[in-house]
Amino acid sequence: MNRDPLAHVRDLFDLDDDVVYLDGNSLGAPPKNVAERVQEVVKHQWGSRLIRSWSEGWWETPERVGNRVGRLVGASAGQVVVCDSTSVNLFKALMAAVRSTDRSEIVVDAGTFPTDGYIAQSVAELTGLALRPADPDRLDLRDTTAVVLLNHVDYRTGRLYDMAALTEQAHAVGAKVVWDLCHSAGVLPIELDALGVDLAVGCTYKFLNGGPGSPAFIYVPTKAQPGFHQPLTGWTGHQVPFAMQPDYIPDPGVSRARVGTPDILSMLALDAALDVWDHVDLQDVRAKGLALTAHFMDLVRDLPGIEVLTPTDEWRGQQVSLRHPKAGALMDALIERNVIGDFRAPDVLRFGFAPLYNTFEEAERAASTLKELL
């Protein structure tokens with residue numbers, strides 16, 4: 001019995017077989033077709049067609065690629081647009097969520113990824129709302145809570161939070177919820193529409209393999225679009241961008257989340273990278289991911305000085321986090337031996353398993369190398 005139903009997908013990626021790459025939770029590996037697509041964009045679309053390419057498909061790229069990402073996060077067409085960075089999209093989402101609110105607080109995951117906390121602090125300062133960090137297990141939401149900002153997967157431990165239950169908890173007190181999908185998009189089924197999520201953001205350079213600095217995405221459900229008033233009223237979010245009107249009138253749909261001129265080279269590299277998803281089912285990706293991470297944890301849990309931080313049940317994402325007092329030095333030594341993960345201060349080793357290209361043999365090589373070092 002083949003225990004890797006996605007083995008054939010690895011051939012779609014440009015990978016060095018001498019390297020065990022377990023950092024897809026920070027930067028995904030490049031699919032082979034990306035380089036050729038980018039070359040075509042540079043030489044033909046930009047080099048030959050020049051400015052004509054804007055009216056030959058470039059202008060609609062954020063929405064078209066957004067629909068491709070939307071399919072992977074449970075969003076029907078017209079609700080996801082690819083643009084800007086996660087931080088910028090998070091600012092838009094939070095500001096839109098608290099606009100004209102009569103409530104007094106923003107609640108943020110106390111262990112959130114730093115940029116989320118920084119942006120939430122800025123929104124609180126700009127709006128006069130209080131910012132209250134809280135453990136997702138003990139949110140203590142109230143009728144004063146305007147919006148809750150949560151990470152779907154904890155970037156340090158790899159813990160997966162229950163989107164359905166926490167969204168319902170926020171809605172029960174009349175609060176909105178914004179989900180950060182950076183560490184879950186592309187590795188597990190997400191059902192934004194079905195769960196009634198208010199707003200969501202995420203990056204595309206991790207498990208979606210869009211490349212360094214590839215544009216992020218923002219989800220604004222159809223029913224929320226008329227009331228989605230974000231503060232960055234750039235010209236590409238205008239109802240009629242090329243009319244050059246003096247007054248800002250937002251696009252009636254998800255395009256109102258756009259701000260400035262799209263980064264076409266990076267966006268079309270992402271578009272090419274998303275082709276690999278035409279060959280897979282997210283249920284298979286999730287099943288393999290759980291098996292991969294379970295196998296690796298089984299191999300390392302009894303190593304001297306190692307503490308496994310990642311949940312052993314199904315409530316985990318696609319990374320395994322280990323604690324060791326000399327984590328930084330250990331990761332440096334692993335990388336020298338071509339096992340690439342990453343280190344988070346003060347004592348965490350992170351290994352991000354991308355089911356599309358990582359193998360069980362690589363998990364075993366990583367574990368055996370770590371064992372040798374210890």
When the chain is treated as a GNM, springs tying every alpha-carbon pair under 10 Å, which of Thr86, Thr204, Thr233 comes out with the largest mean-square fluctuation? Thr233
Expected field for His279, accessible surface area in Å² at 1.4 Å probe radius, rounded to 10, holds 110
Given a 10 angstrom Cα cut-off, can you work out which residue in Leu50, Leu309, Leu139 is the most mobile in a GNM of the chain? Leu50
Anyone know which of Val220, Val88, Val73 comes out most mobile in the 10 Å Cα GNM of the chain? Val88
Probe radius 1.4 Å, ligands and nucleic acids ignored: give me the carbon and sulfur share of the accessible area of the stretch 227-374 as a rounded percent. 53
Where the centroid of each part is defined by its Cα atoms, how far is the stretch 102-181 from the stretch 252-280 in Å? 27
I'd like the accessible area for Glu307, computed on protein heavy atoms only with a 1.4 Å probe and all protein chains in place. Round to 10 Å², please. 90
Mind putting a number on the dipole of the stretch 252-374 about its Cα centre? Charges go on the C-beta only, +1 for Lys and Arg and -1 for Asp and Glu, and I need it in Debye to the nearest 20. 420
For a Förster distance of 25 Å, can you work out the FRET efficiency between the beta-carbons of Asp275 and Thr312, rounded to the nearest 0.05? 0.15
Using the Karplus curve 6.51 cos²θ - 1.76 cosθ + 1.60 with θ = phi - 60°, work out ³J(HN,Hα) for each residue of the stretch 46-54 in order, rounded to whole Hz, and write x for Gly and Pro. 8, x, 9, 7, 6, 5, 4, 5, 4
The stretch 5-80 and the stretch 319-350: distance between their alpha carbon centers, rounded to Å: 29
Dipole magnitude (debye, nearest 20) for the stretch 285-357, charges at Cβ of Lys, Arg, Asp, Glu: 160
Could you order Thr312, Thr293, Thr101, Thr112 so the one with the most accessible surface comes first? Probe is 1.4 Å. Thr312, Thr101, Thr112, Thr293
Rounded, prolate or oblate for the stretch 33-145? Axes are the square roots of the Cα gyration tensor eigenvalues, ordered a ≥ b ≥ c, and the cut-off for rounded is a/c under 1.5. prolate
Which pairs in the list Lys32/Lys206; Lys43/Lys92; Lys92/Lys176; Lys92/Lys206; Lys32/Lys288 are over 26 Å apart, alpha-carbon to alpha-carbon? Lys43/Lys92
Round to the nearest 10 and report in Å² the accessible area of Asp313, as given by a 1.4 Å probe over the protein chains' heavy atoms. 70
Keeping all protein chains in place, calculate the accessible area per residue for the stretch 123-201 (probe 1.4 angstrom), answer in Å². 36
Suppose accessible area is computed on protein heavy atoms with a 1.4 Å probe; arrange Trp235, Trp59, Trp277 from highest to lowest. Trp235, Trp59, Trp277
Proximal lysines to Lys371, defined as alpha-carbon separation beneath 16 angstrom and excluding residues fewer than eight positions away on the same chain: Lys326
So how strong a dipole does the stretch 1-71 carry about its Cα centre when Lys and Arg Cβ are +1 and Asp and Glu Cβ are -1, to the nearest 20 debye? 420
Residue (of Leu374, Ala170, Leu129) at the positive-pole extreme of the chain, dipole from beta-carbon charges: Leu129
Accessible area, 1.4 Å probe, largest first: how do Arg316, Arg71, Arg64 sort? Arg71, Arg64, Arg316
Per-peptide average of other Cβ atoms within 10 Å, ordering 94-100, 167-173 highest first: 94-100, 167-173
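The values are calculated or read from the model by the stated rules, or taken from the named source; none is laboratory data. Every value quoted in this text rests on a predicted model; they were computed, and no experiment measured them. Cβ: placed from backbone, ideal geometry, glycine included. Neighbour counts: every protein chain shown. To get the accessible areas, we keep the full protein, side chains included, count just its heavy atoms, and leave off ligands, DNA and RNA. Shrake-Rupley method; radii C 1.70, N 1.55, O 1.52, S 1.80 Å.
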